[in-house]
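Input: a single structure, listed below in structure tokens.
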Amino acid sequence: MMLFDSELNVMEVLWKEGEIRASQVCRILEKEIGWNRNTTYTVIKKCIKKGYVERKEPDFVCKAIVSKQEVQSQGISNLIKKLFHNSKSEFLQAFLGRERLSKEEIQELKKFVDHLK
């Protein structure tokens, strides 16, 4: 499950708004990022074809049929496979090694790791 940035723009609207008309998605994306109606409809149709969005009639109502968490999880898995030879520990070292974490974030990570044991 790979989303292009343009598809992600449409999906973000659907995840936030729920089930809405394609015309409403057009208005939102025109306001937020300056897309015209044709661009938005083209991307919505690509999302439908890929199985991310369901289209209902009448009125071309759109609904996300994959969750944001599913897309995030798959995206992270693809990133780890592609850039870190499928090594989660290499990914975490690269990610966390450059970031300064707060005490609260460190505690959250410790709890998460303990939960995995």
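Some observations on this one:
- Neighbour counts of other Cβ atoms within 10 Å put LYS49, LYS117 in the fewest-to-most order LYS117, LYS49.
- Working note: Karplus 6.51/-1.76/1.60 with θ = phi - 60° gives the stretch 30-36 the couplings 5, 5, 6, 10, x, 6, 8 Hz, where Gly and Pro are set to x.
- Matching label, Rg and Dmax of the Cα atoms in Å computed from the structure shown, candidates (1) 15.2, 56; (2) 18.3, 52; (3) 12.4, 35: (2)
- Largest mean-square fluctuation among GLN69, GLN107, GLN93, in a Gaussian network model of the chain whose springs join Cα atoms under 10 Å apart, belongs to GLN107.
- As a rough footprinting exposure proxy, the listed residues ILE44, ILE65, ILE80, ILE28 were ranked by other beta carbons within 10 Å of their own, and the order from fewest upward is ILE65, ILE80, ILE28, ILE44.
- The lysine pair tally for the stretch 5-64, using Cα distances under 14 Å and a gap of 8 or more places or different chains, is 6.
- Highest-fluctuation residue, GLU30, GLU104, GLU90 considered, GNM on the chain with Cα pairs under 10 Å: GLU104
Taken together, the values in this text are just the output of simple stated rules run on the coordinates, not laboratory data. All of these numbers come straight from a predicted model, not from anything done at the bench. Counting neighbours? That spans all protein chains shown, and the Cβs are built from the backbone with ideal geometry, glycine included.
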